[in-house]
Amino acid sequence: MDRAIAFYEKVLERPVLKRDEIYSVFEINGFRLGLFAFQKAGEEHIFGSSCLPSIEVEDRKTLEQKLSGLTVCFPLTRIGSNWVAEFVDSEGNHVELTAPAAEGEERPDGGLADFWKEDAVYYEWGKIRIRPIREPDPRVICEQEVAQGWVNQTEDKYYKRIADHAAHRSISMVAEYDGKTAGYINVYPDAPWGPFGGRGWCEIVDFGVLEKYRCRGIGSALMDCAERIAGMFADTVYLAVGLHDGYGSAQRMYCRRGYIPDGSGVWYHNAPAEAYGQVENDDELNLYFSKRLR
């Protein structure tokens, strides 16, 4: 706990508000950031009171000064009316650092402002790295998905993502784990599909993590990246999810992340399904969800 308190006192430039051996609190702009400590096998572990604590500073200059001495895993990015970055503290906790953007202030060079660059890196921490889709990703992903039982999978879909990314129709991303292709996700700005098409919102399309890489934080990192990119275009993002049990884990994850059904009912082959009509519970049977980002 002493290490964590010293770290936050330096970053926040304010003393700890309350502390004891297991719980300490900092007050930040009226909000409280709690740190908890517990002992396991003689080692001390620290974690934050929320999944991603957020700290706000007064302006971008101050934010950049603080970032200069931190381990940054999500680069400084303009999202809506705020500058946002994510850093890792002395105990390995991920923390969001934000500052209000001044009127007319442009995005900084690099980072997610250049997400169509071939060498862009959207996220990097530990063994996880998220970058644009490229060769030989279609072959690698398809081979792995066929091996895990998706016998009808083809490379065509992934080559379409490469083409859409190159044409700036999408931001199509691949996650690597320890240098190996492990998952993928796509963001389509101003998507035309589904009940929200034409509203200027982004749709998150075709999200997946290869089975042998699941339960390692890759899916959460991909979704975090996709939502932050979507937030640069609009205040709401949407997606469609299948209804059969193959989508069960995705359904649960979207609900946990705050997505809610849009109320238009089930869609089949990109059109609302007729009440009491006949449909097949295949990959084309979907329910649309949306999430307010800011």
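The values are calculated or read from the model by the stated rules, or taken from the named source; none is laboratory data. These figures come from a predicted structure and were not determined experimentally. A quick note on method: Cβ atoms are made from the backbone with ideal geometry, for glycine too, and the neighbour counts reach across all protein chains shown.
Results, tabulated for the structure shown:
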quantity: Filter result (of a type outside the set (D, E, K, R) and at pLDDT below 95) within segment 280-294; calculated: LEU293
quantity: Subset of segment 235-246 [in contact with a strand residue (DSSP E or B) (Cβ under 8 Å, 6 or more places away or on another chain) and modelled with pLDDT of 90 or more]; calculated: THR236, VAL237, TYR238, LEU239, ALA240, VAL241, GLY242, LEU243, HIS244
quantity: Conditions (1) within 30 Å of ASN82 (Cα to Cα); (2) modelled with pLDDT under 95; (3) out of contact with any Cys (no Cβ under 9 Å at 6 or more places or on another chain): number failed by SER264; calculated: (1)
quantity: Residue within segment 30-53 that is within 24 Å of ARG129 (Cβ to Cβ), at pLDDT 60 or above and surrounded by 12 or more Cβ atoms within 10 Å (Cβ to Cβ) present; calculated: yes
quantity: Conditions (1) buried (at least 16 other Cβ atoms within 10 Å of the Cβ); (2) in a loop (DSSP other than H, G, I, E, B): number failed by GLY219; calculated: (2)
quantity: Filter result (at pLDDT 80 or above and either within 16 Å of GLU227 (Cβ to Cβ) or under 19 Å from the mean Cα position of the chain (by Cα) (or both)) within segment 88-116; calculated: LEU97, THR98, TRP116
quantity: Among residues of segment 200-216, those that are touching a strand residue (DSSP E or B) at 6+ places or on another chain (Cβ under 7 Å) and not in a helix (DSSP H, G or I), counted; calculated: 11
quantity: Residue within segment 162-177 that is charged (D, E, K, R) and more than 26 Å from VAL84 (Cα to Cα) present; calculated: yes
quantity: Failed item, numbered, when SER172 is tested on (1) in contact (Cβ under 8 Å) with a residue 12 or more places away in the chain; (2) closer than 30 Å to ASP262 by Cα; (3) in a helix (DSSP H, G or I); calculated: (3)
quantity: Number of the exception - ASP164 against (1) under 30 Å from PRO272 (Cα atoms); (2) of a type outside the set (Ser, Thr, Tyr); (3) part of a loop (DSSP other than H, G, I, E, B); (4) in contact (Cβ under 8 Å) with a residue 24 or more places away in the chain; calculated: (3)
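The rows are residues; the columns are (1) among the aliphatic types (A, V, I, L, M); (2) part of a strand (DSSP E or B); (3) in contact with a Gly (Cβ under 8 Å, 6 or more places away or on another chain); (4) without any contact (Cβ under 8 Å) to a residue 24 or more places away in the chain.
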site: GLY194; (1), (2), (3), (4): no, no, no, no
site: CYS225; (1), (2), (3), (4): no, no, no, no
site: ILE229; (1), (2), (3), (4): yes, no, no, no
site: GLY277; (1), (2), (3), (4): no, no, no, yes
